[in-house]
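Below you'll find the structure, written out as structure tokens, and then a few comments.
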Amino acid sequence: MTKIKYPLAKETINERDIDELCKWLKSYPRLTKGQLTWDVEDAWANFIGTNHAVFNNSGSSANLLMVYAAIAAGRIPNKRIVVPSVGWVTTIAPALQFGLNPVMVGADKDTFGMDLDQLERVCEVERPDAVIYVQVLGVPHHRERLLALKEKYGFILLEDACAALGAAYSDGSKVGTIGDMSTFSFYFGHQLSTIEGGMVNTSDKELYEMLLMLRSHGWAKDLSEASSREKMEARGIDNFHSPFTFFVPGFNLRSTDLQAFLGIKQVERADWCAQRRNENHLLYGKLLESYVDYQQWGDNYPVSISFGALAKNNQHRREIVTRLVQNGVETRLFSAGNLGRHPFWTDRYGIFEDEMSDKIHSCGFFLPNYPELTVEEIKYICSVVKGGE
């Protein structure tokens, strides 16, 4: 088996982070959720540009929290939600787990995000209360049209930006500020890592407080003193019982201060990481133009975890993947392809067919993108893709 010389991803937690973590651990601090969790939430909210952020144990849990917070806050009364065909299973899974009625929409030919023409047709017929979409691989989706549709049809907009940390629009506003809530993942292989970890961002106070309660069992301990007192007084709950009163059927999706410590270090170099990944992404696009298809970003600022490309057909992908593997370049299929062709979906609703989604499914593949990649290494990887051309 050929040794991997160029992995798809490298650890973003470096030696300095580990050294500082060891030093911190020797101070025998609190390791479970404490002040550092609040600190990393503040840092991340400030970095993205929202009023609030809620740290939890994974990007998948962040999606779970986001969807259930919308339900618990009464924002999806008709149980109808539009979901994307291209993304990750845990973008869609909460809708199934919570008994919503999902309607799948295909992929946009430019960004590979949700096809907004299809979305509008669905909205006209189904009148959904919610739409969850993905900022695919850190390439910003069509913001103005999304917001116009939200305004026209009145749905709550849920933004899965788990693989898009640091990506931005041409005016500098970051991905994660479009939806009523947005999610991010800090898993290994993403732009930043806290070992495991996720975040939900929002500027909506009601949703923020719902997220805080749902993350920790359903109690009000994490709310502001004023909000907590208001809830207790409204229900006639005395001070002795108040710390362990559960207002909503919550979860335990908390992360730890150990992960928050790492998260603070990661946020400190988030701009640098985003810049390097963006530079790599643009170089891939320049070198592979006209040989493979890939997402179009216009004047926006893509920050990808891997560079996604589409071969001419399935056989062409086989040829490219064979060359990559033989030359030690790690690759994989594009995200999960068309999620509407996976058993979790087809067993319930049958196969979802969509020309662009199916093309991504049969022709898509990933190329490495991490900050340490050099120009010469990217040139070499692209030469392997092109077969020495």
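Just so you know, all these numbers are worked out from the coordinates, no wet-lab data involved. Note that this is a predicted model, so its numbers are computed, not measured. As a convention, Cβ positions derive from the backbone with ideal geometry for all residues, glycine included, and neighbour counts pool all protein chains shown.
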Quick one: compute the contact order of the chain, relative version, from alpha carbon pairs under 8 angstrom and 6+ residues apart, as a percent.
-> 23 percent
Might you report the magnitude of the Cβ-based charge dipole of the chain about its Cα centre, with Lys and Arg at +1 and Asp and Glu at -1, to the nearest 20 debye?
-> 780 debye
Expressed in angstrom and rounded, the centroid-to-centroid distance over alpha carbons for region 163-189 and region 58-129 is 17 Å
Please give the peptides 359-368, 131-140 ranked by average Cβ packing (other Cβ atoms within 10 Å per residue), highest first, as a rough proxy for protection.
-> 131-140, 359-368
Pseudo-spin-label distance SER227 to LYS26, built 7 Å along Cα→Cβ, given in nm, is 3.9 nm
Within the chain, what percent of beta bridges assigned by DSSP are antiparallel, to the nearest 5?
-> 60 percent
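Report the net charge of residues surrounding THR90, where surrounding means a beta-carbon distance below 15 angstrom and charges are Lys +1, Arg +1, Asp -1, Glu -1.
That works out to -3.
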Pairwise label distance in nanometres, GLU268 with VAL325, each label 7 Å out on the Cα-Cβ vector = 4.2 nm
A chain fully extended from GLN97 to ASN46 at 0.36 nm per residue, minus the present Cα-Cα distance, gains in nm 15.2 nm
Where labels lie 7 Å past Cα in the beta-carbon direction, separation of LYS10 and ASP171 in nm = 3.7 nm
In degrees between 0 and 90, to the nearest 10, how far off the longest principal axis of the chain does helix 375-385 point, with axes built from Cα atoms?
-> 70 degrees
GNM of the chain, Cα pairs under 10 angstrom: of SER58, SER216, SER306, the biggest fluctuation goes to SER216
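Test of understanding: express the Cα radius of gyration of region 123-261 as a ratio to 2.2 N^0.38 Å, with N the residue count. Walk me through the numbers before you get to the answer.
Working: Rg = 17.8 Å, N = 139, 2.2 N^0.38 = 14.3 Å.
Normalised Rg, Cα atoms only: 1.24.
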If one computes the Cα centroid of region 246-282 and of region 326-373, what distance in Å separates the two points?
-> 25 Å
Under the Karplus relation 6.51 cos²θ - 1.76 cosθ + 1.60, θ = phi - 60°, what is the ordered set of whole-Hz ³J(HN,Hα) values for region 209-215, x standing for Gly and Pro?
-> 5, 5, 4, 4, 5, 5, 4
Convex hull volume per residue for region 1-143, taking Cα atoms only, in Å³ = 195 Å³
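Determine the calculated [θ] at 222 nm for the chain from helices alone, applying -39500 (n - 2.57) to every DSSP H run no shorter than 4 residues and normalising by the residue count; nearest 500 deg cm²/dmol.
Taken over the chain, the calculation gives -13000 deg cm²/dmol.
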Can you check what the net charge comes to around TRP345, using other residues whose Cβ is under 15 Å from the Cβ of TRP345 (Lys, Arg +1; Asp, Glu -1)?
-> -2
Helix 225-235 vs. the chain, principal-axis angle (Cα, 0 to 90°, nearest 10) = 60 degrees
So how strong a dipole does region 96-188 carry about its Cα centre when Lys and Arg Cβ are +1 and Asp and Glu Cβ are -1, to the nearest 20 debye?
-> 120 debye
